[in-house]
């Protein structure tokens, strides 16, 4: 997924794929070095959404490491 957008707001990392209208927000846990996905598409995701979630997690994890959050 080449067109992922990663944005940081306070303790949140928002990863989106504008061309598909997909987005997921990760929150930095206040008490441990974890990222928590907020409402990660609670319904059973199809293969495109599942692929997006996997790529979004990698992008968010990379950004969190860059920010020394984890």
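We did not get these values from a lab; they are worked out from the coordinates using the rules stated. From a predicted model like this one, the values you see are computed outputs, not experimental measurements. For neighbour counting, all protein chains shown are included, and Cβ atoms are generated from backbone atoms with ideal geometry for every residue, glycine included.
Between the stretch 1-29 and the stretch 36-70, what is the separation of their alpha carbon centroids in Å? The stretch 1-29 and the stretch 36-70 have Cα centres spaced 8 Å from each other. Fully extending the segment from residue 39 to residue 27 would add 3.2 nm, taking 0.36 nm per residue of separation and subtracting the current Cα-Cα distance. Fewest neighbouring Cβ atoms within 10 Å first, the residues 15, 36 line up as 36, 15. Shape annotation for the stretch 5-66: C-alpha extents along the principal axes are 33, 21, 16 Å, from largest to smallest. Our helix-only sum for the chain, with -39,500 (n - 2.57) per DSSP H run of n ≥ 4 divided by its residues, gives a mean residue ellipticity at 222 nm of -10000 deg cm²/dmol. Specify the angular offset, from 0 to 90 degrees and rounded to the nearest 10, of the alpha carbon long axis of helix 47-66 from the longest principal axis of the alpha carbons in the chain. For 47-66 against the chain, the angle is about 20 degrees.
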